[in-house]
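Written below as structure tokens is the structure these notes are about.
The values are calculated or read from the model by the stated rules, or taken from the named source; none is laboratory data. None of the values given here were measured: they were computed from a predicted structure. Using ideal geometry, Cβ is built from the backbone for each residue, glycine included, and neighbour counts are taken over all protein chains shown.
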Amino acid sequence: GAGVSQSPSNKVTEKGKDVELRCDPISGHTALYWYRQRLGQGLEFLIYFQGNSAPDKSGLPSDRFSAERTGESVSTLTIQRTQQEDSAVYLCASSLGIRSDTQYFGPGTRLTVL
Amino acid sequence: QKEVEQDPGPLSVPEGAIVSLNCTYSNSAFQYFMWYRQYSRKGPELLMYTYSSGNKEDGRFTAQVDKSSKYISLFIRDSQPSDSATYLCAMDSSASKIIFGSGTRLSIRP
């Protein structure tokens with residue numbers, strides 16, 4: 001498949017546990033974005049990467065959230081000590097460069113914190 | 001006040017009707033305006049992209065931007081049941097951080 005893939009597709013965890021969400025962007029795409037979508041709401045920007053660096057982390061809700069990207073490819077979003085309000089769909093998108101019109105989204109990871 | 005306001009719906013129309021979806025915004029710095037379609041349990045897909053004010057047509061879809069009123073619209077002609085989805089408006093000033101509306105759920109009745 002040539003699209004953006006994310007894993008796992010669904011994750012159920014207990015409050016207080018750490019979770020890791022993975023994003024595999026389209027090959028050759030240098031920019032990668034993470035968004036959060038709460039039920040019935042729009043997308044909330046979390047962080048973006050240009051290559052392996054993250055120029056804008058302003059959307060991360062708290063210091064429990066972190067993300068990294070290695071080799072201009074795979075990115076991991078980590079949520080430590082999960083809370084119930086972290087329950088949402090986490091979407092990843094990639095683009096060739098930093099241009100709004102070329103962001104391609106993955107199917108998302110649905111996170112449920114019990 | 002949210003930067004981007006969008007009526008969540010749901011909006012239900014009969015097949016063949018013209019659909020009008022709208023968003024208002026408050027940040028006059030926005031220059032790039034987009035509409036995304038999101039089917040249930042899928043990621044959003046870009047439908048229309050416009051820069052600054054004006055109209056853009058692509059098949060049955062027309063996007064309009066009125067920067068003086070801070071108002072954007074998406075029109076769908078000859079609507080089909082396959083158009084049933086959530087439509088998200090989005091806009092951007094820096095080409096790196098997109099602000100999304102909350103989405104309008106649209107249902108086309110056969």
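Brief remarks follow.
- None of A:Gly106, A:Gly97 is loosely packed, with under 13 Cβ neighbours inside 10 Å, within 29 Å of B:Ala85 (Cβ to Cβ) and touching a strand residue (DSSP E or B) at 6+ places or on another chain (Cβ under 7 Å) except A:Gly97.
- Residue in the stretch A:25-37 that is part of a loop (DSSP other than H, G, I, E, B), without any contact (Cβ under 8 Å) to a residue 60 or more places away in the chain and surrounded by 12 or more Cβ atoms within 10 Å (Cβ to Cβ) present: no
- Test result for A:Pro55, within 14 Å of the chain's Cα centre (by Cα) and either among the charged types (D, E, K, R) or surrounded by fewer than 22 Cβ atoms within 10 Å (Cβ to Cβ) (or both): no
- Residue match in the stretch B:56-64 (condition: within 14 Å of chain A (Cβ to nearest Cβ), modelled with pLDDT of 95 or more and buried (at least 19 other Cβ atoms within 10 Å of the Cβ)): yes
- For the stretch A:74-88, the criterion of being in contact with a helix residue (DSSP H, G or I) (Cβ under 8 Å, 6 or more places away or on another chain) and exposed (fewer than 14 other Cβ atoms within 10 Å of the Cβ) is met by no residue.
- Failed criterion for B:Glu45 (all others in (1) closer than 29 Å to A:Gln50 by Cα; (2) in contact (Cβ under 8 Å) with a residue 40 or more places away in the chain; (3) surrounded by fewer than 21 Cβ atoms within 10 Å (Cβ to Cβ); (4) of a type outside the set (A, V, I, L, M, F, W, C) hold): (2)
- If you go through the stretch A:62-114 and keep only what is more than 10 Å from the chain's Cα centre (by Cα), free of Cβ contacts under 8 Å to residues at least 60 places away in the same chain, closer than 22 Å to A:Leu39 by Cβ and within 14 Å of chain B (Cβ to nearest Cβ), you end up with just A:Ala88.
- Test for A:Gly59: is it on the phi > 0 side of the Ramachandran plot and either within 9 Å of chain B (Cβ to nearest Cβ) or in contact with a helix residue (DSSP H, G or I) (Cβ under 6 Å, 6 or more places away or on another chain) (or both): no
- Considered as a group, the residues in the stretch A:22-46 that are in contact with a Gly (Cβ under 6 Å, 6 or more places away or on another chain) and not hydrophobic (A, V, I, L, M, F, W, C) include one that is farthest from B:Met91 (Cα to Cα), and that residue is A:Thr30.
- Annotation note: of A:Gln41, A:Gln50, the sole residue that is free of Cβ contacts under 8 Å to residues at least 24 places away in the same chain and either within 12 Å of another protein chain (Cβ to nearest Cβ) or of a type in the set (Phe, Trp, Tyr) (or both) is A:Gln41.
- Unique residue being under 14 Å from B:Ala29 (Cα atoms) and loosely packed, with under 15 Cβ neighbours inside 10 Å when the list is B:Ser68, B:Ser93, B:Ser107: B:Ser68
- Selected residue [within 25 Å of B:Met48 (Cβ to Cβ) and of a type in the set (D, E, K, R)] from A:Arg22, A:Arg110, A:Arg36: A:Arg36
- Of residues in the stretch B:26-38 being hydroxyl-bearing (Ser, Thr, Tyr) and more than 10 Å from chain A (Cβ to nearest Cβ), the one nearest to the chain's Cα centre (by Cα): B:Ser26
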